[in-house]
1. Of all residues in the stretch 104-124, which are open to solvent by less than 10 Å² (accessible area, probe 1.4 Å) and part of a helix (DSSP H, G or I)?
2. Between residues in the stretch 115-143 that are farther than 16 Å from L215 by Cβ and residues that are buried (at least 24 other Cβ atoms within 10 Å of the Cβ) and of a type in the set (K, R), which pairs lie under 8 Å by C-beta distance while being six or more apart or on different chains?
3. Confirm whether L145 is closer than 30 Å to L68 by Cα, at pLDDT 85 or above and either assigned to a helix (DSSP H, G or I) or open to solvent by less than 80 Å² (accessible area, probe 1.4 Å) (or both).
4. Would you confirm whether or not the stretch 38-46 contains a residue that is of a type in the set (K, R), at pLDDT 65 or above and not in a helix (DSSP H, G or I)?
5. Suppose we keep only residues that are in contact (Cβ under 8 Å) with a residue 60 or more places away in the chain and open to solvent by 50 Å² or more (accessible area, probe 1.4 Å) within the stretch 267-288. Which one would you say is nearest to M123 (Cα to Cα)?
6. Go through the stretch 239-251 and give me each residue that's over 31 Å from the mean Cα position of the chain (by Cα) and assigned to a helix (DSSP H, G or I).
7. Yes or no: the stretch 189-206 includes at least one residue that is surrounded by fewer than 17 Cβ atoms within 10 Å (Cβ to Cβ), in contact with a Pro (Cβ under 8 Å, 6 or more places away or on another chain) and not in a helix (DSSP H, G or I).
8. With open to solvent by 70 Å² or more (accessible area, probe 1.4 Å), part of a helix (DSSP H, G or I) and either in contact with a Cys (Cβ under 7 Å, 6 or more places away or on another chain) or not hydroxyl-bearing (S, T, Y) (or both) as the only criterion, which of L133, L179 stands out?
Amino acid sequence: MTSPSQTAVTKSDTPGLGPKGLKKEKKSKGGELVGRSPGQLMWMRFKRDRTGMICAIVVLAFFVIAALAPVIGSLYGKDPYTFYGSEDPNLLDEFGYPAGANGGISPEHWFGIEPQLGRDVFMQLIYGIRMSLGISVAVTILTVLTGILIGVTAGYVGGKADFFISRVIDFLLAFPSQLTFVAFMPVVVALFVDPGDETPTYVRVCALIIVQWFLGWMGLARLLRGQVLSLREREFVEAAKITGASPWRIIRKELLPNVVTPVLVQSTYMLPLFVTAEAGLSFLGVGIVEPTPDWGRLFQSGARFYENDPTFLLFPAAAMLIFVLCFNLLGDSVRDAFDPKSGR
C-alpha cells in the first residue's frame, strides 16, 4: 500500500503529469503508480505542443507525397515530361505563355502549365519535391552517421586523436559552404564523366550528395565531441571501465544513448538546410538540370518568367516556404519535448 505522503511526493516529482493523468494511471494500474521512461515523457510533452503536431503532420505529408509521386501521376493522368502545350495549341498563346488565366490553371492542369514548353506544373512540383527530399535525406543520413562516428571517437579517445580530428574540423569549417558547393560540383562531376560527354542524372545526384556530405558533418561532430568529453568523466562510465567493459561496449551502451537527443534535434535542423542548399545549387545550374524535375530548377525556370507568369513561381515558392518553416518549427518542438525543464 502507498501512504498518502508517498503519493504526494510522487505527484510532485512526476514531470508532465496532472491530477487527471495520475487518476487515469491509477485506474489502469490497479492503484500503483508506474514510472515513465524518458521517451514516454518526451512523447507526452510533444503531443501537448499543438504547433509541433501540426508541423509534424505537414512534414509527413510532404514525404508521403514525394514517395507516392508515381501513384499520384497515374491517378492524375499526367507526367512531368510531356509537352502538353505542343499537344494542345490552345494551351499556349503566340508568345509561349499559358493562354488561360493564372498560368493556365484548369481542372486538367491544377497548378497550370509551364511557359514555352507547356509541361504540367503540378507534376513538375511533385517530382521536384521527390528529387530534392531524396537527395537531402541521403545527405542527412550520411552526415549524421559521420558526425556520430567522428565526434564520439574524438571525445572518448582524446589525446592526439582528438587534437588531429579537431584541427581537421576547424580546417573544413573555414570553407564558405555555398561557394564551395558551387566550386566543387563541376570537379566532382568531372571525376565520373568526361567533360565532352553528357552527364547522367544519377551522377549529378551522387555529386550533390558527396559535396554536401563532405562539408556538412563538422558541426554535429563538434557538438557530440563536447557532449562525450563531459560524459566520459561521469560515474556510470567509470563504473563500466572498472567492470572491464571494452571501449566499444562503453560507447555503444553508455555514451550513444546519452547523445540521442542532440542527434535528433540537429537532424531536424539539418534536413531543411540541405533541401535549400540542393535547391540553390540547381538554381545556379550546377545541380539537377533539364529535363529532370527538381525543386531548385523550378525556381530557375520561374525566375525567367515571373514578370509575365508569376503563378508559375508561386507554387514552388509556397511549397518550399511551408516545408522549411514547418520543419524548423518541428525541430524547436522536438528540442522542447526532450528538455525536461521545458514548460510545454
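1. V121, M123, Q124
2. Note: pairs meeting the criteria are G128/R297.
3. So L145 fits the description; yes.
4. no
5. Checking each candidate, the answer is L284.
6. A239, A240, K241, I242, P247
7. yes
8. Just a single option satisfies the conditions, and that option is L179.
The values are calculated or read from the model by the stated rules, or taken from the named source; none is laboratory data. In this text the structure is predicted, and so the values were computed from the model without any measurement. Reconstructed Cβ throughout: ideal geometry from the backbone, glycine too, with neighbour counts over all protein chains shown. Note: accessible area is taken over every heavy atom of the protein model, side chains too, but ligands, DNA and RNA are not part of it. Shrake-Rupley method; radii C 1.70, N 1.55, O 1.52, S 1.80 Å.
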